[in-house]
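The values are calculated or read from the model by the stated rules, or taken from the named source; none is laboratory data. Model, not experiment: these values are computed from the prediction. As a convention, Cβ positions derive from the backbone with ideal geometry for all residues, glycine included, and neighbour counts pool all protein chains shown. Each accessible area value is taken on the protein alone, full model and side chains, heavy atoms only, with ligands, DNA and RNA left out. Shrake-Rupley method; radii C 1.70, N 1.55, O 1.52, S 1.80 Å.
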Amino acid sequence: MTDIMLEARGLTVGYGDKLVVRNVDLAVRRGEIACLIGANGAGKTTILRALSGLLKLRAGSVRLNGEEIANRPAHAIAARGMAHAPEGRQIIAAMSVADNLRAGAYLAPSAAEISRRRDAALARFPRLKERLTQQAGLLSGGEQQMLAIARALMADPTLLLLDEPSMGLAPLMVEEIFSILATMKSEGRTILLVEQNANAALALADQAYVIEAGRIKLEGPARDLIDHDGVSAAYLGG
Amino acid sequence: MLLQQIINGIVAGSAYALFALGFTLTFGVLKIVNLTYGFYFSAGAYLALFATLHGAPITLALPFAAIAAGFIAVFLDSALLSRLRRQQAPELASLMVTLGATLFLYTGMTALIGSEIQRFPLGLIESAPFRFNGASISLTQIAIVMTAGLLAAGLIGVLRATRTGLAMRAMAENPQAGELMGIDTGAIMRRVSFLCGAIAGASGVLIGLEHNAITPYMGETMALKGFAVIILGGLGDVGGALIAGLLIGLLEALTAGYISSIYKDAVGFLLLVLTLWARPFGLFGRASVRRA
Ligand SMILES: Nc1ncnc2c1ncn2[C@@H]1O[C@H](COP(=O)(O)OP(=O)(O)OP(=O)(O)O)[C@@H](O)[C@H]1O
Ligand SMILES: [Mg+2]
């Protein structure tokens, strides 16, 4: 098996007759975090939705662990080990926190495995533990974001896609989320991260891609991009 | 006479509830008010009639009709609605499509088998009623009450405690999130369509037996009542449909017994209007819990 877990080539995606992502090549290496940064409307969410099968590709290929997965149904891609915590959390508001977690482990092979994963997820997000029976829609925004990440982890994914996990959170909560991501990285999880919080994302990630108007503008090791003049001017507030 | 009125009310109410269970489940999981649902009710009755006229006992004709109605439902759902669902068409579009299809289907059925009332062969089921305290109840009526109760309990159990039920609840709210968790939402949709069609078909057989009268449009009359029941009980709420069905049945029976049978059909809708006025989400409905 190669070192590359996810590889997209010539990824082209659109809505109706409008193409919003054009000819994007990107790769995520095993055990690393890759991040996508870019302005609002650049096409980051669209890229993730295409990778996880929610959107059809107009052109291009996507390989997960060497297997072509382009245009497979999303549930089949999930079954191959990709979990996608989508933009805007998308937790199931009417279900309890516990049921949301159980649903995240929908494909788990056994009840024992589900409870093992649940214990691990709750150890990572102790706040959720106190709220297991609560309706998910009544959690605070930050708690909902934790639930969204925890639910994706319940799938025990080989590759985790996170779309703006810090969106709408207070600075302290953003820090908490990033420290959890750092722990997950140290444990060897492979992650493709989309973030507006470019400073923190670049500090955490191994590889970074800057998306502009649906194309890759810049790419390279994350630490190099932090020092890149164009990136700091556009995304790092200086 | 009160005991008999209450029995009549419970039987009628169970019949409404039985029919409404699949109707509300269709809405609850597939998020569609599917008007073809009434057609499966008529189709079930005719399929069982056909089987019994060819010598099948009711114990065979009933499951046959239910299963066949289930397959018809899966076919019609995928033919009529899967495209609309894929394109996320507005709810009104699917309502109109199923309305048009239903009119077409009823007309076709009438052309095929005529509109005159048909009856099950004599002696198909024990017809002497059980009597006690001056009241009576027939075997068919007992079957209707038991089926409604057991089915409601079974559906609630499946929704609350099984993996498929979990998937159904998740995709009811957010099919895309469901797909991302690995739920094959298309497959679950087909299973739900089958189950709902089978419930409608079976209730058509039982209620056709009870009234001993089968017509192509019996499903349409029932759908109107069913509509009142599922809105009263809260759209998608299985337990609510059972209670609302019983409530309307009892109210109708008591109205017919003690006031006048003229008001019988109106009283259920009066209850509906008053309930919606006070509680817009139905008797047990809560306001939406979603927060941004
Ligand atoms: N469902 C849709 N239909 C039509 N156009 C869409 C749709 N979703 C997104 N777009 C358009 O595609 C472009 C890319 O959107 P996308 O959501 O991928 O951006 P993004 O980089 O994730 O932005 P943000 O940082 O604001 O989340 C935008 O111009 C947007 O208007
Ligand atoms: Mg986005």
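Here is a check on your reading of the model: is A:T133 out of contact with any helix residue (DSSP H, G or I) (no Cβ under 8 Å at 6 or more places or on another chain) and β-branched (V, I, T)? Give the steps one after another, and end with the answer.
Numbers: out of contact with any helix residue (DSSP H, G or I) (no Cβ under 8 Å at 6 or more places or on another chain): no; β-branched (V, I, T): yes.
No; evaluated as a whole, the condition is false for this residue.
Any residue in the stretch A:37-51 that's near ligand 1 (Cβ under 7 Å from one of its atoms): show its pairings with residues that are of a type in the set (D, E, K, R) and outside any strand (DSSP E or B) at Cβ separation under 6 Å, as long as the two are six or more apart or on different chains. Close Cβ pairs (under 6 Å, with a partner that is of a type in the set (D, E, K, R) and outside any strand (DSSP E or B)) amount to A:G38/A:K44; A:T45/A:E87. If the condition is being over 15 Å from B:E210 (Cβ atoms) and either part of a loop (DSSP other than H, G, I, E, B) or more than 22 Å from the chain's Cα centre (by Cα) (or both), then the stretch B:129-164 contributes B:R131, B:F132, B:N133, B:G134, B:A135, B:A161, B:T162, B:R163. Looking across the stretch A:1-36 at every residue that is assigned to a strand (DSSP E or B) and near ligand 1 (Cβ under 9 Å from one of its atoms), the one that is most open to solvent (accessible area, probe 1.4 Å) is identified as A:K18.
Looking at the stretch A:72-89, is at least one residue more than 10 Å from chain B (Cβ to nearest Cβ) and open to solvent by 50 Å² or more (accessible area, probe 1.4 Å)? Yes, the stretch A:72-89 contains at least one residue that is more than 10 Å from chain B (Cβ to nearest Cβ) and open to solvent by 50 Å² or more (accessible area, probe 1.4 Å).
Among the residues of the stretch A:178-196, those identified as open to solvent by less than 40 Å² (accessible area, probe 1.4 Å) and within 12 Å of the chain's Cα centre (by Cα) are A:L181, A:T190, A:I191, A:L192, A:L193, A:V194, A:E195. Only one of the numbered conditions (1) out of contact with any Gly (no Cβ under 9 Å at 6 or more places or on another chain); (2) closer than 26 Å to A:D156 by Cα; (3) in contact (Cβ under 8 Å) with a residue 24 or more places away in the chain is not met by B:M168, and that is (1). For the stretch A:157-177, a residue qualifies if it is under 11 Å from the mean Cα position of the chain (by Cα), within 12 Å of ligand 1 (Cβ to nearest atom) and within 13 Å of chain B (Cβ to nearest Cβ), and exactly one does: A:D163. Against the condition of a type in the set (G, A, S), surrounded by fewer than 18 Cβ atoms within 10 Å (Cβ to Cβ), within 14 Å of chain A (Cβ to nearest Cβ) and more than 22 Å from A:G53 (Cβ to Cβ), how does B:A161 come out, does it pass? Yes: the conditions hold for B:A161. For residues in the stretch A:90-112 being in a helix (DSSP H, G or I) and more than 9 Å from every other protein chain (Cβ to nearest Cβ), which is surrounded by the fewest Cβ atoms within 10 Å (Cβ to Cβ)? Within the stretch A:90-112, the match that is surrounded by the fewest Cβ atoms within 10 Å (Cβ to Cβ) is A:A112.
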